[in-house]
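The values are calculated or read from the model by the stated rules, or taken from the named source; none is laboratory data. The structure presented is a predicted model; accordingly, all values stated were derived computationally and were not measured. Using ideal geometry, Cβ is built from the backbone for each residue, glycine included, and neighbour counts are taken over all protein chains shown.
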Amino acid sequence: MPSELRILIGLVYMAIASAVQAVLLVLLMPWRNLRIRSCNYWGWVTGRFCTWLSGSRVSFEGWEHLDGDRPAIYVSNHTSILDIFLGIWLGPVGVVGVAKKEVVYYPFFGQLYWLSGHLRLDRGDHGKAMAAMRELERIVKAYRLSIWMWPEGTRSKDGRLRPFKKGVWHLAVATGLPVVPVVVAGAQRVWPKGTTRLQSADVHVTILPAIDTSGWSARDADEVVDELHALFLEHLPADQHPLAQAA
């Protein structure tokens with residue numbers, strides 16, 4: 001199926017599915033917890049459908065570590081639009097997303113993300129970003145939610161792993177939640193950044209065992225984040241390593 005046709009089908013699907021879900025979210029407006037969980041169910045269907053529509057051949061390792069009964073912080077690398085659909089498909093019910101504020105400009109998905117009560121960070125305003133993080137800590141504890149985030153802060157242009165920001169350390173220390181790494185290999189080939197070309201590719205997702213973060217508060221944030229970054233590199237192919245390390 002041509003790329004343009006697949007993209008058109010995806011946009012039509014997102015328009016219809018998002019409109020239906022938006023009505024439900026408006027009805028649930030007083031209850032943020034229910035809005036988040038409702039969109040998790042929507043994400044299971046939408047994420048899986050859009051992943052299939054992309055033509056990707058996705059394989060999984062460590063699926064058992066996606067434990068909806070145990071709140072956790074899921075962290076994933078970000079190289080493609082496909083990563084977003086993988087995230088909303090894989091995230092257990094009761095997971096709240098963390099994304100940059102610009103996500104609201106994504107057609108259909110962004111408006112639904114905002115309505116559902118997921119977190120948008122203003123990375124250009126430290127005060128607002130920290131206030132939003134404190135609000136996230138509050139709702140995670142109040143509703144026993146998990147968190148899904150992309151610690152690179154923005155999408156990689158070439159598929160190579162970017163440095164991790166320290167937000168994952170701050171959230172783990174504040175919430176006491178374990179960290180579950182979700183390593184995505186090969187997604188950068190599915191929809192290259194800056195193009196409208198979809199191409200079939202093999203994508204492998206490795207969900208690693210939960211990392212106990214109870215001792216992180218006594219450790220240097222940079223050291224912890226560097227260790228987590230190195231763990232991702234262990235499970236990524238060489239063409240997704242930073243250039244200096246891949247040489």
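When you go through ILE84, ILE88 one by one, which is the residue that is out of contact with any helix residue (DSSP H, G or I) (no Cβ under 6 Å at 6 or more places or on another chain), in a helix (DSSP H, G or I) and under 26 Å from LYS193 (Cβ atoms)?
Values: ILE88 fails: out of contact with any helix residue (DSSP H, G or I) (no Cβ under 6 Å at 6 or more places or on another chain).
Result: ILE84 is the single residue among ILE84, ILE88 that is out of contact with any helix residue (DSSP H, G or I) (no Cβ under 6 Å at 6 or more places or on another chain), in a helix (DSSP H, G or I) and under 26 Å from LYS193 (Cβ atoms).
Looking only at segment 31-38, decide whether some residue is aromatic (Phe, Trp, Tyr) and over 24 Å from LEU208 (Cα atoms). Show your work before the answer.
Initially, segment 31-38 is screened for residues aromatic (Phe, Trp, Tyr), giving 31.
Cutting the leftovers down to over 24 Å from LEU208 (Cα atoms) gives us 31.
For segment 31-38, residues aromatic (Phe, Trp, Tyr) and over 24 Å from LEU208 (Cα atoms): present.
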> Looking at segment 64-88, which of its residues are modelled with pLDDT of 95 or more and of a type in the set (Phe, Trp, Tyr)?
Replying inline: TYR74
> Listed residues GLY194, GLY186; which is farther than 24 Å from LEU90 by Cα, at pLDDT below 95 and either among the polar types (S, T, N, Q) or out of contact with any Ser or Thr (no Cβ under 7 Å at 6 or more places or on another chain) (or both)?
Replying inline: GLY194
>> Condition check: among the small types (Gly, Ala, Ser), under 15 Å from GLN199 (Cα atoms), out of contact with any Gly (no Cβ under 9 Å at 6 or more places or on another chain) and buried (at least 18 other Cβ atoms within 10 Å of the Cβ). Does GLY10 satisfy that?
In response: yes
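Within segment 51-78, how many residues turn out to be part of a loop (DSSP other than H, G, I, E, B), within 23 Å of TYR13 (Cβ to Cβ) and out of contact with any Leu (no Cβ under 7 Å at 6 or more places or on another chain)? Even if it seems obvious, please write down each step before you answer.
Residues of segment 51-78 that are part of a loop (DSSP other than H, G, I, E, B), as a first pass: 54-56, 62, 66-72, 77-78.
Filter once more, keeping what is within 23 Å of TYR13 (Cβ to Cβ): 54-56, 78.
Cutting the leftovers down to out of contact with any Leu (no Cβ under 7 Å at 6 or more places or on another chain) gives us 78.
The total comes to 1.
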> Among the residues of segment 174-190, is any more than 25 Å from ASP69 (Cβ to Cβ), touching a strand residue (DSSP E or B) at 6+ places or on another chain (Cβ under 7 Å) and assigned to a strand (DSSP E or B)?
Replying inline: yes
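Can you tell me which residue within segment 123-172, out of those that are of a type in the set (Lys, Arg), within 21 Å of GLY94 (Cα to Cα) and modelled with pLDDT of 85 or more, is surrounded by the most Cβ atoms within 10 Å (Cβ to Cβ)? Even if it seems obvious, please write down each step before you answer.
We begin by selecting, within segment 123-172, every residue of a type in the set (Lys, Arg); these are 123, 128, 134, 138, 141, 144, 155, 157, 160, 162, 165-166.
Narrowing the set further to residues that are within 21 Å of GLY94 (Cα to Cα) leaves 134, 138, 141, 144.
So of that shortlist, the ones also modelled with pLDDT of 85 or more come out as 138, 141, 144.
Values: ARG138: 12, LYS141: 14, ARG144: 12.
The qualifying residue surrounded by the most Cβ atoms within 10 Å (Cβ to Cβ) is LYS141.
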> Across segment 43-63, which residue is surrounded by the fewest Cβ atoms within 10 Å (Cβ to Cβ) among those that are over 14 Å from VAL190 (Cα atoms) and free of Cβ contacts under 8 Å to residues at least 60 places away in the same chain?
Replying inline: VAL45
> When GLU135 is evaluated against the numbered criteria (1) within 28 Å of GLY55 (Cβ to Cβ); (2) in a helix (DSSP H, G or I); (3) out of contact with any Phe, Trp or Tyr (no Cβ under 8 Å at 6 or more places or on another chain); (4) not hydrophobic (A, V, I, L, M, F, W, C), which criterion, by number, is the only one it fails?
Replying inline: (1)
>> Which residue is modelled with the highest pLDDT, if the candidates are limited to segment 89-110 and must be among the β-branched types (Val, Ile, Thr), surrounded by fewer than 21 Cβ atoms within 10 Å (Cβ to Cβ) and over 22 Å from SER56 (Cβ atoms)?
In response: VAL93
